[in-house]
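Quick notes on the structure that follows.
The values are calculated or read from the model by the stated rules, or taken from the named source; none is laboratory data. Owing to the predicted nature of the structure, the values given are computational and were not obtained by experimental measurement. Quick reminder, even Gly has a Cβ in these numbers, built from the backbone with ideal geometry, and neighbours come from all protein chains shown.
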Amino acid sequence: MENYSSSWETAALMKMAVVSMENPSGHFRPAACGTRLCPPDLGFAMAALGRMVWLLDQEYDRDHRAVHMTERTTDLHPLKIRYHGTVDIPYDERYTEHIQPTGLLPFISLVSRGGPNMNPSALTALVDRWRPETHTFHLRAGEMAPTLQDVSMILGLPIQGEPLCMNTASDGWREQMAALIGMAPPALANPKERAPAGAPFAWIRTNFGQPPPEDANEDTIRTYTRVYLWYMISRTLFPDSGGKLAHWCWLKALTVLEHRWSWGTAALAYLYRQLDEACRRTGSRTGSGGIGGCMLLLSVWSWDRLSVGRPRVLDERPWPHHHENLDREPTWAYLWDNVSEMTSDPKIMYRQYTAELDTLTVSGWNGSHMVDTTILARGWLTSTTSARRRLDRQRQRKITNWSVHHSGHVAAFLHCLEATRNAGPVEIVPHDLAAFNNYLEWFHENTRIELVKHAYAEDILDDPIEFDEVAQSQHDTFARRGRSTSIASKLNFVRTEIQKTAHECEIMWEQSGRDEKPVGPLRHFIKNTARKMRRLANLLGCREGEIPTSSSSEEREHTSKQAPRSAYQFKPRGKAPNRYTPEDYVNRGKKIVIEEDEGPPQRSSLSRMRNDEPLSTEEDEQEEQQQQEPRQRTKRMAIRKQPDMRGTSRRDQLRVVVSFSRLRSSSRHCLSA
């Protein structure tokens, strides 16, 4: 039998170990989220984080889905959800008095009505961000993860009680099951074939699918109650990646119904372990991989916190209130009891959700539920990464008595609960924005937050933009073929280029302060930066020319040879034609005199003679040329405008002569002026 107890107990005790960490002052100070503790000096924690180099572990990162998407460019499919509805076995009111001592009555009242419509594509896009090293989702705005507070609010499961840690030996499990519920699945025909320790769901529905008879005694009702709880928690709280078997260990935990287990801690730890495996499960082309754990918890948690994949809430279904029993009142999950169903292509929506998570910022999520105190335990989690890998259930099949094996952790767990009870009033530490910004800066440098491939190559801005070549890129090719393309690919590229440019500006600014003559390098850097920004704008749809890199003619000629004019760039136009304006109509028939600003205005020779100014030979020659040009122009116009008098009447000839004489007199008047 596979070891499941190690998975719940390891993750649960890791979670509680965060609680048991002491701050520098030696006092316990619970934080606002769940049972996390937050020391007063966040700068101390950030100083410890600064000593870390890389947040991701190579052992986990080798087979991670994010690596397949970014580095190996594998076309992954959405994973299957192993959460099943529970309306196929009806609930009997006689079960209530036996379920209430276990602390599972609020959860059973919730899931016995069936679950909401879930979105495998959105959950898979979220699983791609899960990191086993920290047990958190790594997003651009920080880390997020469900906590014990979410388990208590959403599912109504008890988080207090004894840790669910017991002996998981499977020897003789059929005999023990028969003694507990009166029957067991038949053994396999081939004794050499290894069968899992548990009962198929179909076998449970066949034998216990109907409520007990009306005249059933108390023992029979307890047996049916025990099987009903076993069936419920196996399909909702602890489903594995196969989703077809109810494991024997969960029925064994229900041997004594009055025993108070910490079901919430076990459910959260089991979800963490299933996410650790799902984020490294690529599946086949048909998408055979699955996600185990309580998907109801993960779905409601993501809908309440994130805007990505959030469905539309429909009219709520009526809840059968039992005011005499508060354990049967609705939990937080009832707010999402009836939601719309995602009917689009799962593969297309999976790519869209992945792109949306890449572009998600602080404004796109509910930051009031952000678990930023997980960074305080980062040093502890990183130091125990190798120890947690040794506790993998595939490597520790021989360990069965987990209550003895984890006795030290169980004692620490109970000590944490006792210290929390005796801590007094909860003191909420205010959020430190400066410390959180420092954490985000460190976080972005030490993890992977972008899964969408950039639209263009990294060095595309180093050369002039050739739109014919850019049109052949994968991003533009998909767009022309009608395949959906996301804005995240371009946004990630632009974001990276802006960061690089800002970093270069900082380096250049520091260097200019040390150089004696920083003008030359600064001019070159400014021109180079402007050229890159112009090319970046061209990639985003603008069509502007290249900025010359130098003022010298030789370098401009060299640049023009390297960067020929694109076919999409128009030739420079000449001088724009003169257009008729209202001023031209007002000034019609008037002589427009344009005086140049440079130098004194020129005066005629007659005015100079009146002032007794001598005439130079050069001025005489210029004046004669100016007088001869209008005469020659007028004479040519008169010759050109003389009409042909042959074949016309006397009256028409007189009219032409009069017009010609008027033109000659006007030209003489102009010359005299």
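Key figures
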quantity	calculated
Contacts under 8 angstrom Cβ, first residue in the range 62-88 being over 14 Å from D128 (Cβ atoms), partner surrounded by 12 or more Cβ atoms within 10 Å (Cβ to Cβ) and β-branched (V, I, T), 6 or more apart	K80/I291; I81/I291; R82/I291; Y83/T236; H84/T236; T86/V111; T86/T236
Residue in the range 136-146 that is assigned to a helix (DSSP H, G or I), more than 28 Å from E329 (Cα to Cα) and touching a helix residue (DSSP H, G or I) at 6+ places or on another chain (Cβ under 7 Å) present	no
Matching option when the condition is out of contact with any helix residue (DSSP H, G or I) (no Cβ under 9 Å at 6 or more places or on another chain), assigned to a loop (DSSP other than H, G, I, E, B) and on the phi < 0 side of the Ramachandran plot, among P90, P101	P90
Test result for R194, closer than 17 Å to R226 by Cα and either part of a loop (DSSP other than H, G, I, E, B) or among the basic types (K, R) (or both)	no
Hits in the range 237-280 - residues which are at pLDDT below 90 and over 25 Å from G156 (Cβ atoms)	S241, G242, K244, L245
Residue in the range 292-300 that is assigned to a loop (DSSP other than H, G, I, E, B), on the phi > 0 side of the Ramachandran plot, out of contact with any strand residue (DSSP E or B) (no Cβ under 7 Å at 6 or more places or on another chain) and crowded, with 22+ Cβ neighbours inside 10 Å present	yes
Residue ID - surrounded by the most Cβ atoms within 10 Å (Cβ to Cβ), chosen from residues in the range 108-124 that are in contact with an Asp or Glu (Cβ under 8 Å, 6 or more places away or on another chain) and under 16 Å from W301 (Cα atoms)	P116
Top-ranked residue of the range 168-186 - restricted to ones that are surrounded by fewer than 16 Cβ atoms within 10 Å (Cβ to Cβ) and at pLDDT below 85, ranked as farthest from I233 (Cα to Cα)	D171
Boolean, P239 is at negative phi, in contact with a Lys or Arg (Cβ under 8 Å, 6 or more places away or on another chain) and not acidic (D, E)	yes
Residue match in the range 210-218 (condition: outside any helix (DSSP H, G or I), among the charged types (D, E, K, R) and without any contact (Cβ under 8 Å) to a residue 24 or more places away in the chain)	yes
Single unsatisfied condition, S234 versus (1) surrounded by 14 or more Cβ atoms within 10 Å (Cβ to Cβ); (2) closer than 14 Å to E93 by Cα	(2)
First in the range 356-369 and farther than 15 Å from W303 by Cα and at pLDDT 60 or above, second anywhere and part of a helix (DSSP H, G or I) and of a type outside the set (S, T, Y), Cβ under 8 Å, 6 or more apart	D358/A488; D358/L491; D358/N492; T359/I487; T359/A488; T359/L491
